[in-house]
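The next block holds one structure in the form of structure tokens; read it before the comments.
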Amino acid sequence: MATDIEIARQAKMKPIGEIATRLGIPDEALEPYGRTKATNLAEYRTVMDLHANSSNNTLYADADGNIAFFFTNFMPKRDPKFEWNRPVDGSDPATDWKGVHTNDEVPNAINLSSEFLPAASHGKSFEL
């Protein structure tokens, strides 16, 4: 009889997204867990592409020397004909979101050549 470890090693891993979909778990519930389990920048960017990190900017660093900054990860696309810094009529279907911007469409920085990372929210910079 095979041991638990032998059985686990023979099992074919399935993508977490596939399992979550089957169980009815939404993508936004996966992202926070995935951020803590990514082992390199490519895996981290894949997790960020789930667009579930809506509340904050994110700094990333890894053992390979990569340092990255990701702006808020959930920025809706909106019709530019409106003045979004003023109240808009939410009953107008044209004010509905048109999806979300990709991570490449919002501010981000990967492996900056500087030793400083600007912090746009309050005009200060932090030395790395």
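The values are calculated or read from the model by the stated rules, or taken from the named source; none is laboratory data. Just so it is clear, the structure is predicted and the values come from calculations on it, not from any experiment. Cβ: placed from backbone, ideal geometry, glycine included. Neighbour counts: every protein chain shown.
Of all residues being aromatic (Phe, Trp, Tyr) and in a strand (DSSP E or B) in segment 68-95, which is modelled with the lowest pLDDT? Just the residue, please. Can you show your working first?
Filtering segment 68-95 for residues aromatic (Phe, Trp, Tyr) gives 69-71, 74, 82, 84.
Add one more test, that the residue is in a strand (DSSP E or B), and what stays is 69-70.
Values: 69: 86, 70: 83.
Ranking the candidates gives 70 first.
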Practice item. Out of the residues in segment 1-25 that are within 30 Å of the chain's Cα centre (by Cα) and in a loop (DSSP other than H, G, I, E, B), state the one that is modelled with the highest pLDDT. Key: 24
Exercise for review: Scan segment 45-67 residue by residue and report those that are assigned to a strand (DSSP E or B) and either within 13 Å of residue 106 (Cβ to Cβ) or of a type in the set (Ser, Thr, Tyr) (or both).
Suggested key: 58, 60
Check your understanding: When you go through (1) more than 11 Å from the chain's Cα centre (by Cα); (2) of a type in the set (Phe, Trp, Tyr); (3) surrounded by 16 or more Cβ atoms within 10 Å (Cβ to Cβ) one by one for residue 82, which number turns out not to apply?
Key -> (3)
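Yes or no, residue by residue, for (1) on the phi > 0 side of the Ramachandran plot; (2) acidic (Asp, Glu); (3) surrounded by 15 or more Cβ atoms within 10 Å (Cβ to Cβ); (4) more than 11 Å from the chain's Cα centre (by Cα):
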| site | (1), (2), (3), (4) |
| --- | --- |
| 30 | no, no, yes, no |
| 58 | no, no, yes, no |
| 61 | no, no, no, yes |
| 64 | no, yes, no, yes |
| 67 | no, no, yes, yes |
